[in-house]
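Asks: Quick one: this structure, given as structure tokens, is what I'll be asking you about.
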Amino acid sequence: MQIARVALGVPLHRLFDYRVPESECLTAEDIGRRVRVSLGRRPCIGVIVGLPVVAEAGCGELKELDSVLRELPPLPPDWFRLVEFCSAYYQVPLGEVILSALPAGLRRVDPPKPRAARRAAKPRVRNEPPRLTAEQEQVLARIDEDGAGFHAYLLHGVTGSGKTEVYLRLIERTLARGRSVLLLVPEINLTPQLETRVAARFPDAGLVSLHSDLAEAARTRHWKAAFDGSARIVLGTRLAVFTPMPDLGLIVVDEEHDPSFKQQDGMRYSARDVAVFRAHERAIPIVLGSATPSLESWANATDARTPARYMLLTLRARAVASARLPAVQRIDTRREKLQDGLSGALLAAIEKRLGGGEQSLVFLNRRGYAPVLACAQCGWVSRCQRCAANLVLHLADGRLRCHHCGFECRVPKGCPTCGNQDIQPFGRGTQRIEAVLAERFPQARVLRVDRDSAKSRKQWEALLEQIHSGEADILVGTQMLAKGHDFPKLTLVGVLGADAALFAADWRAPERLFAQLMQVAGRAGRADLPGEVLIQTQFPEHPLYDALVRHDYPAFAAAQLKEREQAGFPPYAFQAMLRAEAPQIADALAFLATARAWPQAAEYPDVLLYDPVPMRLARRANMERAQLLVESPSRRALQVFLTQWGDAVAAIKAPSRLRWHLEVDPLEF
Ligand code: ADP
Ligand code: ZN
Ligand code: ZN
């Protein structure tokens, strides 16, 4: 009797043995093939991970597997090393990693019939590559010098400094050697221009994209093209890091600092970190690019005390000589009475742009009309009944909405408690600023761009088109607008509401703010028109703004790293977070307390377990949430601890409605 050991997508730290039907004869070559099996009564898809001679003890009578699926070649060994690493590092059962790394179409028992692929429009003729700048030449020469093998590069260059052109040249070299390329980007919706640019440069490389916006059939098709080697370039978001690619020769991670490389549910992994592991495992180069690298990467590239793990490469100037960096200025709002949140200086600057036929962008990272609606008479505020959060006023469609759980209701006519008719919005979101600007500049076309106005990719592309064709004079937008777009007529960026992040409880908030502001500042003045950035602030002397005015990321990073080191925060400590949620906070805290009281913890002196505490958003969708931080100065020590502790946590008897998860290298607190 032959036995197949199968990984299934279930949250259990075990594999499942099945009897192989007489009609099938499996060999070691079949490891990595998908199979159809049943788990209990439920049919499901699994992947063969071994062919043991003896079944795991205690499994009783083995069930027979239903069928071996042979339409695809087996998943290769290097792919298994990748998922095994993720399973061990992120403390996620191997079966869950394997199945979640496959496109949905390949893990469904009855996938929908594939429709014929729509022919992708052939990219328009190919654009001539520009002559490299001296800095670009240097960067490429440095990488060429290292040759093949694992090398991790951190490519630091302001927006417009020509990082993408460097990627394109590296892709060209890699393709010429007969190898393929994995290009990871934070959010494909936000970077359609990149896709066009890469496809136009390499029309014969069979570029495919992989992201969660693709229809299931297309995603499966693209994945297969990467797997069988017909697609030589894969451009994808974080999930694409798991695409098996036979001749992989280069990985590029663009905007490597972007938080969306971190998966926030299910298997909580960092696609950037997994990509570095993958490059190392495949012995190929990897390039991490950013104008504002993550402090983790920056430390890896610059820490003088440890041998640099990443090679730092820098592009200092913008690639197009005439495109200067924008002048960044602070507007001190302590000295001025703002007009509906806008300073005189910003209004005047917008007016000037209107006169000159140039575009302005008002950046405010808060969508909706106002963050809360309140009654001055009785103190009522619009709270979400299910979360410890306020309902946001969305005046555009007359709704109150919770941005955490999705709850929504109509805006009440009067105060629900005292009947007062005069309930007032407090604070400002994009909709309100849009309204203010429309009233103030009736002749201008004001366009709001946020997740509400660009819900679908279609809407988003239509908005981009409107901006490009000059049908908008003033843009009001969130960080959606900050990324990867050339708006040639955009010469002014006004920044509102940034101060909140300076003193936020989340100690990563300044890092994110700096990155966002650099990015949004990079939108101004890319062509022949010089750009200007005006930041409204009550803390103009804050060092973060100082560094921003000088476009000095290294200074900002050095200051932040010093603070982190003093406080013992990452990257000078390694962390994991155990989170629990339950209808009663006491249950969540008790679960964490049991986990913390694990008797063997004393055997790991390098690992510190903090007290369980309620989370900042202490209730979401009627679940009370709490967390327990685990920390160590050594990544290795933390890993060894987690491997044992994870099992102990999984064995804790918890109330049935309690949910928990463990996150390694958490980004949010
Ligand atoms: P980044 O990725 O750093 O934002 P890009 O590679 O997109 O920078 O370059 C910014 C702009 O400069 C683009 O319009 C690009 O076509 C142009 N560019 C890049 N490299 C060169 C070069 N060597 N000569 C002329 N233009 C260049
Ligand atoms: Zn009231
Ligand atoms: Zn809610």
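The values are calculated or read from the model by the stated rules, or taken from the named source; none is laboratory data. Note that the coordinates shown come from a computational prediction; the quantities given were computed from them, not determined experimentally. A quick note on method: Cβ atoms are made from the backbone with ideal geometry, for glycine too, and the neighbour counts reach across all protein chains shown. Just so you know, the surface numbers come from the protein's heavy atoms only, side chains and all, with ligands and any DNA or RNA stripped out. Shrake-Rupley method; radii C 1.70, N 1.55, O 1.52, S 1.80 Å.
Asks: Are any of the residues in region 380-400 under 32 Å from the mean Cα position of the chain (by Cα) and of a type in the set (Phe, Trp, Tyr)?
Replies: Here is the first cut: in region 380-400, the ones under 32 Å from the mean Cα position of the chain (by Cα) are 382-400.
In the following step, the residues that additionally are of a type in the set (Phe, Trp, Tyr) were identified as none.
Checking region 380-400: not a single residue is under 32 Å from the mean Cα position of the chain (by Cα) and of a type in the set (Phe, Trp, Tyr).
Asks: Could you count how many residues in region 383-438 are small (Gly, Ala, Ser), out of contact with any Phe, Trp or Tyr (no Cβ under 9 Å at 6 or more places or on another chain) and under 30 Å from ARG625 (Cα atoms)?
Replies: Counting residues in region 383-438 that are small (Gly, Ala, Ser), out of contact with any Phe, Trp or Tyr (no Cβ under 9 Å at 6 or more places or on another chain) and under 30 Å from ARG625 (Cα atoms) gives 4.
Asks: What residue, of SER87, SER38, SER23, is modelled with pLDDT of 95 or more and either assigned by TED's automatic domain parsing to the domain that holds LEU248 or more than 26 Å from LEU248 (Cα to Cα) (or both)?
Replies: From the options SER87, SER38, SER23, the qualifying one is SER38.
Asks: From the list LEU475, LEU437, LEU481, exactly one residue is within 16 Å of ligand 1 (Cβ to nearest atom) and in contact (Cβ under 8 Å) with a residue 40 or more places away in the chain. Which is it?
Replies: Answer to the selection: LEU481.
Asks: Can I ask one more? Pull out all pairs, ordered by first then second residue, where Cβ-Cβ is under 7 Å, the residues are six or more apart or on different chains, the first lies in region 630-657 and is over 28 Å from TYR572 (Cα atoms), and the second is part of a helix (DSSP H, G or I) and open to solvent by less than 30 Å² (accessible area, probe 1.4 Å).
Replies: Matching pairs, first to second residue: ILE652/PHE591; ILE652/ALA595; ALA654/PHE591.
Asks: Which residues, taken from region 542-564, are over 19 Å from TRP298 (Cα atoms) and open to solvent by 10 Å² or more (accessible area, probe 1.4 Å)?
Replies: HIS542, ASP546, VAL549 - these are the residues of region 542-564 that are over 19 Å from TRP298 (Cα atoms) and open to solvent by 10 Å² or more (accessible area, probe 1.4 Å).
Asks: Let me ask something else. Restricted to region 385-421, and to residues that are charged (D, E, K, R) and modelled with pLDDT under 95, which residue is farthest from ligand 3 (Cβ to nearest atom)?
Replies: Per the criteria, the residue is LYS413.
Asks: Among the residues of region 272-289, count how many are closer than 25 Å to MET577 by Cβ and touching a Gly at 6+ places or on another chain (Cβ under 9 Å). It would help to see each step written out before you state the result.
Replies: Filtering region 272-289 down to residues closer than 25 Å to MET577 by Cβ leaves 272-278, 288.
From what's left, touching a Gly at 6+ places or on another chain (Cβ under 9 Å): none.
Of the residues in that region, 0 qualify.
Asks: Related question: Just for region 140-190: of the residues that are of a type in the set (D, E, K, R) and within 14 Å of ligand 1 (Cβ to nearest atom), which one is farthest from ARG318 (Cα to Cα)? Even if it seems obvious, please write down each step before you answer.
Replies: Filtering region 140-190 for residues of a type in the set (D, E, K, R) gives 142, 144-146, 163, 165, 169, 172-173, 177, 179, 187.
From the residues that got through so far, the ones that are within 14 Å of ligand 1 (Cβ to nearest atom) too are 163, 165, 169, 172.
Working: LYS163: 10, GLU165: 12, ARG169: 17, GLU172: 22 Å.
In this case the residue turns out to be GLU172.
A quick yes/no check of all residues on (1) buried (at least 21 other Cβ atoms within 10 Å of the Cβ); (2) of a type in the set (D, E, K, R); (3) assigned by TED's automatic domain parsing to the domain that holds LEU75; (4) within 21 Å of ILE284 (Cβ to Cβ):
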| site | (1), (2), (3), (4) |
| --- | --- |
| LEU182 | yes, no, no, yes |
| VAL185 | yes, no, no, yes |
| VAL198 | yes, no, no, yes |
| ALA205 | no, no, no, yes |
| LEU210 | yes, no, no, yes |
| LEU214 | no, no, no, no |
| ALA218 | no, no, no, no |
| TRP223 | yes, no, no, yes |
| ALA226 | yes, no, no, yes |
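Asks: Could you tell me whether ARG383 is away from ligand 2 (no atom under 16 Å from the Cβ), of a type outside the set (S, T, N, Q) and out of contact with any Pro (no Cβ under 6 Å at 6 or more places or on another chain)?
Replies: Spelling it out, it is not the case that ARG383 is away from ligand 2 (no atom under 16 Å from the Cβ), of a type outside the set (S, T, N, Q) and out of contact with any Pro (no Cβ under 6 Å at 6 or more places or on another chain).
Asks: So, GLU256, is that one at pLDDT below 95 and out of contact with any Phe, Trp or Tyr (no Cβ under 6 Å at 6 or more places or on another chain) or not?
Replies: Answer is no for this residue.
Asks: Could you identify the single residue in PHE487, PHE539 that is open to solvent by less than 10 Å² (accessible area, probe 1.4 Å), aromatic (Phe, Trp, Tyr), farther than 17 Å from HIS551 by Cβ and in the same structural domain as TYR553 (by TED's automatic domain parsing)?
Replies: Exactly one residue qualifies, and that residue is PHE487.
Asks: Working only within region 186-223, note down all residues that are of a type in the set (A, V, I, L, M), touching a residue at least 24 places away in the same chain (Cβ under 8 Å) and closer than 22 Å to PRO246 by Cβ.
Replies: Quick first cut of region 186-223, residues of a type in the set (A, V, I, L, M) only: 188, 190, 194, 198-200, 205, 207-208, 210, 214-215, 217-218.
Going one step further and asking which of them are touching a residue at least 24 places away in the same chain (Cβ under 8 Å), we end up with 188, 190, 194, 198-200, 205, 207-208, 210, 217-218.
Result: VAL198, ALA199, ALA205, LEU207, VAL208, LEU210, ALA218.
Asks: Using the structure shown, decide if GLN644 is farther than 19 Å from TRP507 by Cβ and either touching a Cys at 6+ places or on another chain (Cβ under 7 Å) or open to solvent by 60 Å² or more (accessible area, probe 1.4 Å) (or both).
Replies: yes
Asks: Out of the residues in region 92-139 that are more than 21 Å from ARG219 (Cβ to Cβ) and at pLDDT below 70, which is surrounded by the fewest Cβ atoms within 10 Å (Cβ to Cβ)?
Replies: Within region 92-139, the match that is surrounded by the fewest Cβ atoms within 10 Å (Cβ to Cβ) is LYS122.
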